[in-house]
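Undergrad: Take a look at the following structure, please.
A short reminder: the numbers here are calculations on the coordinates, not readings from a lab. Not measured: the values here are computed from a predicted model. Positions of Cβ are generated from backbone atoms using ideal geometry, with glycine treated the same way; all protein chains shown enter the neighbour counts.
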Amino acid sequence: MSPIKVKDRLIGKIESIEDEGFLNELEEIILNLRNENQNVLILSDEIKASIAKSEIDIENGRIITSDKALQHFKECLKRK
């Protein structure tokens, strides 16, 4: 498919989106892709806050292995 057709298809889909939060996240993705060659990563305030919270959790030893987390999620899904 030609780049023009892909762009037209994407524009049509974007025009139908009403969710402002989703549109903001989509814009961030596009900005990050455009800045990829410059090694610049643009993060939303929400993502920055999540990273900061995660760093505090790590500093305070509130971590588990990915295997334990996966096991926990599987057990939760079995209960539903």
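Undergrad: At a Förster distance of 22 Å, what's the computed FRET efficiency of Lys13 paired with Leu33, Cβ-Cβ distance as r, to 0.05?
TA: Taking R0 as 22 Å, the efficiency between Lys13 and Leu33 is 0.85.
Undergrad: Regarding region 3-79, what whole-number volume in Å³ per residue does the convex hull of its Cα atoms give?
TA: Measuring per residue, one finds 193 Å³ for the Cα hull of region 3-79.
Undergrad: Cross-link candidates for Lys5: which lysines have Cα within less than 18 Å, leaving aside residues fewer than 8 places away along the same chain?
TA: Once the sequence-local lysines are set aside, what remains near Lys5 is Lys13.
Undergrad: HN-Hα J couplings of region 6-14 from phi, Karplus 6.51/-1.76/1.60, θ = phi - 60°, integer Hz, Gly and Pro as x?
TA: Once rounded to whole Hz, the list reads 5, 4, 4, 4, 5, 4, x, 5, 5.
Undergrad: Roughly what angle does helix 66-79 make with the longest principal axis of the chain, taking Cα atoms, 0 to 90 degrees, to the nearest 10?
TA: 90
Undergrad: Cα axis of helix 45-59 to longest principal axis of the chain: angle in degrees, 0 to 90, nearest 10?
TA: Result, in degrees: 20.
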